[in-house]
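Chemist: Questions regarding the structure given below will be posed in turn.
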Amino acid sequence: MFVVMEESATEAQVQAVIDRLVNRGFTVHRSTGVVHTVLGCVGPKEEMDPRDLEVMEGVKECHRVMSPYKLASRSFKPAGTRITVKGVEIGGDMVVAIGGPCSVESKEQIEVSAEQVAKAGAKGLRGGAFKPRSSPYSFQGLGEEGLGLMRDAADRYNLFVVSEVMDHTQIPMMSDYVDIFQVGARNMQNFTLLKELGKSRVPVLLKRGIAATVEELLLSAEYVMSGGNYDIILCERGIRTFESYTRNTMDISAIPVVKKLSHLPIMADPSHGTGRRDKVIPMARAAVAAGADGILVEVHPDPDRALSDGAQSLYPAQFEDLMRQLRMIAAAVGRTI
């Protein structure tokens, strides 16, 4: 249920509505917009009659929400969510680019990567310190040492840091290094992890699972938001279909669908979406044209010698060319990059 307060509603009137809802067993999440305060209410199956709230002073209107995700719904925040990370706004007019290697391999590698993606115009540095690999014998990452190397390199080139958290026990340690927690496709429905991230106030980049529907993605975001962390960035990274030419099938249509259903910003990861270097650039272009708020691209100084995902990593020169192309596309749809 959503309660929209009048523009002129006083703080006392807002609190009176909150108190009444809490007394009826609801959990209330408050969203303060430019004009109206909206109260998102999650509670017992025997919900209140909206008319009981609409007659209260300061209340403009009250609506039941039929979708299973309440806080992630566009109804909760019609204007859309904007998340600021180290001075960079995600979800606004700018399309934000995040680049870097699949995994942190050495100090020299991540330093060169940070320098090159920053030079091309990226705002964030991505890189895995803990790598979930299909084979237990593959490179698993440098752990906390890798996070430290990435933090140092990002600070040197004024970039924010995005890295994947694998387990809820890693959250306190990683909070000292990262600006955005990434939840990978394999962990999209790791509800224990999502609940713990809800207690954090570090933004979360939530990737769509390899066989997840858009509704399931939004419900996973709901888990984080229900804990009080509203800074969620969704990410379309391709889904598994019968097609075998590409690593996954990049679902570009999910971007405008999410934009209609949810107020949360959404990025695109064409690197995992295709698994092929020669397909990353055209899919990144398509994602920006479709309304993506950012792109997450794997870039490596020497992809042929990368310890993970070299085949889908761009050469620095390719990333620079991609950024040049995206500036033209962003301008065509009324945005910047």
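Quick note: the coordinates plus some simple rules give every number you see, no bench work behind them. This one's a predicted model, so the numbers in the text were calculated from it and none came from an experiment. Cβ placement follows ideal geometry from the backbone for every residue including glycine, while neighbour counts extend to all protein chains displayed.
Chemist: How far apart, in nm, are two points set 7 Å out from the Cα along the Cα-to-Cβ line at T169 and at D155?
Modeler: A separation of 2.8 nm, rounded to one decimal place.
Chemist: Set the Förster distance to 56 Å, then compute FRET efficiency between D302 and E7 from the Cβ-Cβ distance, nearest 0.05.
Modeler: Efficiency at R0 = 56 Å is approximately 0.45.
Chemist: Between the stretch 147-176 and the stretch 80-132, what is the separation of their alpha carbon centroids in Å?
Modeler: So the two Cα centres are separated by 11 Å.
Chemist: Separate question: Can you classify the stretch 1-145 as rounded, prolate or oblate using the Cα gyration tensor, where a ≥ b ≥ c are the square roots of its eigenvalues, rounded means a/c under 1.5, and otherwise it's prolate if a/b beats b/c and oblate if not?
Modeler: Values: a/c = 3.91, a/b = 2.30, b/c = 1.70.
The shape class here is prolate.
Chemist: With the contact rule set at Cα under 8 Å and sequence spacing of 6 or more, what percent relative contact order holds for the stretch 1-143? Could you put the intermediate results ahead of the total?
Modeler: Numbers: 192 pairs, mean separation 27.4, N = 143.
Contact order relative to length: 19 percent.
Chemist: Report, in deg cm²/dmol and to the nearest 500, the calculated mean residue ellipticity at 222 nm for the chain, where each DSSP H run with n ≥ 4 adds -39500 (n - 2.57) and the sum is divided by the residue count.
Modeler: Helix contribution divided over all residues of the chain: -10000 deg cm²/dmol.
Chemist: Using the Karplus curve 6.51 cos²θ - 1.76 cosθ + 1.60 with θ = phi - 60°, work out ³J(HN,Hα) for each residue of the stretch 105-120 in order, rounded to whole Hz, and write x for Gly and Pro.
Modeler: 10, 6, 4, 5, 4, 6, 5, 5, 4, 4, 4, 6, 6, 5, 4, 6
Chemist: Average the reciprocal distances over every distinct pair of alpha-carbons in the chain, invert the result, and give the Kirkwood radius in Å.
Modeler: 20.7 Å
Chemist: May I ask you to sort F181, F26 by Cβ crowding, counting other Cβ atoms within 10 Å and putting the fewest first?
Modeler: Ranked by crowding around the Cβ, least crowded first: F26, F181.
Chemist: Need one number: the % of Cα-Cα pairs in the stretch 2-63 sitting beyond the 15 Å mark.
Modeler: I get 41 percent for the Cα pairs in the stretch 2-63 exceeding 15 Å.
Chemist: Follow-up. Any idea what the dipole of the stretch 2-63 comes to, in debye rounded to 20, about its Cα centre with Lys/Arg Cβ at +1 and Asp/Glu Cβ at -1?
Modeler: So the dipole magnitude of the stretch 2-63 works out to roughly 200 debye.
Chemist: Taking 7 Å along the Cα-to-C-beta vector as the label spot, tell me the Y245-E144 distance in nanometres, rounded to one decimal.
Modeler: Output for this residue pair reads 4.7 nm.
Chemist: Please go through the residue pairs K77/K195; K107/K195; K70/K259; K107/K199 and name each one whose alpha carbons sit more than 23 Å apart in this structure.
Modeler: Those over the limit are K107/K195; K107/K199.
Chemist: Using a Gaussian network for the chain with springs between C-alpha atoms less than 10 Å apart, which of these wobbles most: D93, D19, D278?
Modeler: D19
Chemist: Assign one of three labels to the stretch 246-337, namely rounded, prolate or oblate, based on the Cα gyration tensor with a ≥ b ≥ c the square roots of its eigenvalues; rounded applies when a/c is under 1.5, prolate when it is not and a/b is larger than b/c, and oblate otherwise. Working shown, then result.
Modeler: Values: a/c = 2.46, a/b = 1.51, b/c = 1.63.
Verdict is oblate for the stretch 246-337.
Chemist: Any idea what the relative contact order of the chain is, in percent, if you count C-alpha pairs under 8 Å spaced at least 6 apart?
Modeler: 16 percent
Chemist: So who's got an amide H within less than 5 Å of the one on Q182, skipping anything under 5 residues away but keeping other chains? H placed 1.01 Å off N, in plane.
Modeler: Counting only residues 5 or more places away or on other chains, the set is S163, E164, V165, L205.
Chemist: Using a Cα-Cα cut-off of under 18 Å, which lysines could be cross-linked to K119, ignoring same-chain neighbours fewer than 8 residues away?
Modeler: Result set, ordered by chain and number: K86.
Chemist: Kindly put M66, M323, M5, M267 in sequence by how many other C-beta atoms sit within 10 Å of each C-beta, fewest to most.
Modeler: M66, M323, M5, M267
Chemist: How big is the antiparallel share of DSSP beta bridges in the chain, given as a percent to the nearest 5? If you can, show how the numbers build up before the last one.
Modeler: On the way: 18 of 46 bridges.
The answer is about 40 percent antiparallel.
Chemist: Follow-up question, since we're still on this one. Based on alpha-carbon centroids, what's the gap between the stretch 215-277 and the stretch 186-204 in Å, whole number please?
Modeler: Here the answer is 16 Å between Cα centres.
Chemist: Mind sorting F76, F242 by how few other Cβ atoms lie within 10 Å of their own Cβ, fewest first?
Modeler: Ordered by Cβ neighbours within 10 Å, fewest first: F242, F76.
Chemist: Search the structure for amide H atoms under 5 Å from the amide H of G128, placed 1.01 Å from N in the peptide plane, and list their residues when 5 or more places away or on another chain.
Modeler: S103, V104
Chemist: Using 7 Å Cα-to-Cβ label points, what is the H36/I18 separation (nm, one decimal)?
Modeler: Each label point is offset 7 Å from its Cα along the Cβ direction, giving 1.9 nm.
Chemist: So, with +1 on the Cβ of K and R and -1 on the Cβ of D and E, and no other charges, what is the size of the charge dipole of the chain about its Cα centre, to the nearest 20 debye?
Modeler: That gives the chain a dipole magnitude of about 580 debye.
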